[in-house]
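Trainee: Once you've had a glance at the structure underneath, I'll fire off some questions.
The values are calculated or read from the model by the stated rules, or taken from the named source; none is laboratory data. Here the structure is a predicted model, which is why all the values come from computation and not from measurement. Here the Cβ positions follow ideal geometry from the backbone for every residue, glycine too, while neighbour counts run over all protein chains shown.
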Amino acid sequence: MKKLTLFFFLCYFNIYGQNTIKEVRVVKDDKQIDDLFSEIGSDELKLDILDILSQPALQITYEKINDPYSSFGADIFLNFNDINTSRSWSDKLALTPFYRFYFFDKRDFGGSGFFTEVFSKFSFGKSDMEYYYGLNNPNIEPYTEIKEEDFFDVALGAAIGQKWVNKKGWTFELSLGFGRYLFIKDPEQLLGGPEITSFRSRGTGRGGFSIGKRF
């Protein structure tokens, strides 16, 4: 009887041990992640839904998953707003290269989970400039004139975000960041001339939520 009990006892722990090993194997190693790269791809295209819903603008992003921990890419922004009816300054076209570092979820598909990024932004746009005449000239009745002027500037900044990826390669991303323009200057005030005010901001935001596909 004791031998029979010992036999069933050993069989139980043998089966339990096999099941435990199978459960541990679920955790993916780097080779399995490389296999998943081959399966769902390491290139990604995505579209920012927030820009489409909040204004007539389009932002498309390409991202290359470098390895499970990093990626690089760029996005292009096209603004279809009429500046005169929407805001006093705006990017009409912007190109934003970036480099990202991913954390925590590299065991899933790589290039997902929490991330931080650094970026540069090359902006082309139009800005309203306010010219106030008659400030220092008692012979002129004061009046204000608004002129629209083109600008180009470069910004540097950083952002954080979160990305999710499913087994079909579809992605969903939330991000938020801030940058600062490098070449913006206060308008030059000429002696005896009008007082000039620019509506351009010294900072630029970055963020939104995007839906994409890896290939």
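Trainee: For the structure I just gave you, tell me whether Lys167 is among the charged types (D, E, K, R), at pLDDT 80 or above, at negative phi and surrounded by 15 or more Cβ atoms within 10 Å (Cβ to Cβ). Spell out the reasoning first.
Mentor: Details: among the charged types (D, E, K, R): yes; at pLDDT 80 or above: yes; at negative phi: yes; surrounded by 15 or more Cβ atoms within 10 Å (Cβ to Cβ): no.
For Lys167, the condition - among the charged types (D, E, K, R), at pLDDT 80 or above, at negative phi and surrounded by 15 or more Cβ atoms within 10 Å (Cβ to Cβ) - is not met.
Trainee: Here's a follow-up. Report, by residue number, each residue of the range 46-67 that is part of a strand (DSSP E or B) and either surrounded by fewer than 16 Cβ atoms within 10 Å (Cβ to Cβ) or under 12 Å from the mean Cα position of the chain (by Cα) (or both). Can you show your working first?
Mentor: Within the range 46-67, the first condition is being part of a strand (DSSP E or B), and the residues that meet it are 46-48, 57-67.
Matches in the range 46-67: Lys46, Leu47, Asp48, Leu58, Gln59, Ile60, Thr61, Tyr62, Glu63, Lys64, Asp67.
Trainee: So, in the range 125-153, exactly how many residues are surrounded by 14 or more Cβ atoms within 10 Å (Cβ to Cβ) and on the phi < 0 side of the Ramachandran plot? Write out each step before concluding.
Mentor: Our first condition is that a residue be surrounded by 14 or more Cβ atoms within 10 Å (Cβ to Cβ); within the range 125-153, this holds for 125-131, 133-134, 151, 153.
Within this subset, residues satisfying the condition of being on the phi < 0 side of the Ramachandran plot are 125-131, 133, 151, 153.
Going through the range 125-153 one residue at a time, the tally reaches 10.
Trainee: On to the next question. Which one is nearest to the chain's Cα centre (by Cα), of the residues in the range 24-45 that are hydrophobic (A, V, I, L, M, F, W, C), at pLDDT below 65 and in a helix (DSSP H, G or I)?
Mentor: Going through the range 24-45, the residues hydrophobic (A, V, I, L, M, F, W, C) turn out to be 24, 26-27, 33, 36-37, 40, 45.
Next, from what is left, pick out any that are at pLDDT below 65: 24, 26-27, 33.
Now restrict to residues that are in a helix (DSSP H, G or I): 24, 33.
Details: Val24: 35, Ile33: 24 Å.
Top of the filtered list is Ile33.
Trainee: Quick one: Gly208 ticks every box in (1) at pLDDT below 95; (2) within 16 Å of the chain's Cα centre (by Cα); (3) under 24 Å from Pro68 (Cβ atoms) bar one, so which box is it?
Mentor: Evaluating Gly208 over (1) at pLDDT below 95; (2) within 16 Å of the chain's Cα centre (by Cα); (3) under 24 Å from Pro68 (Cβ atoms) leaves (3) as the failure.
Trainee: Additional query: When the range 68-85 is examined, which residues are found to be at pLDDT below 85 and surrounded by 14 or more Cβ atoms within 10 Å (Cβ to Cβ)?
Mentor: Passing the criteria: Pro68, Asn81, Ile83.
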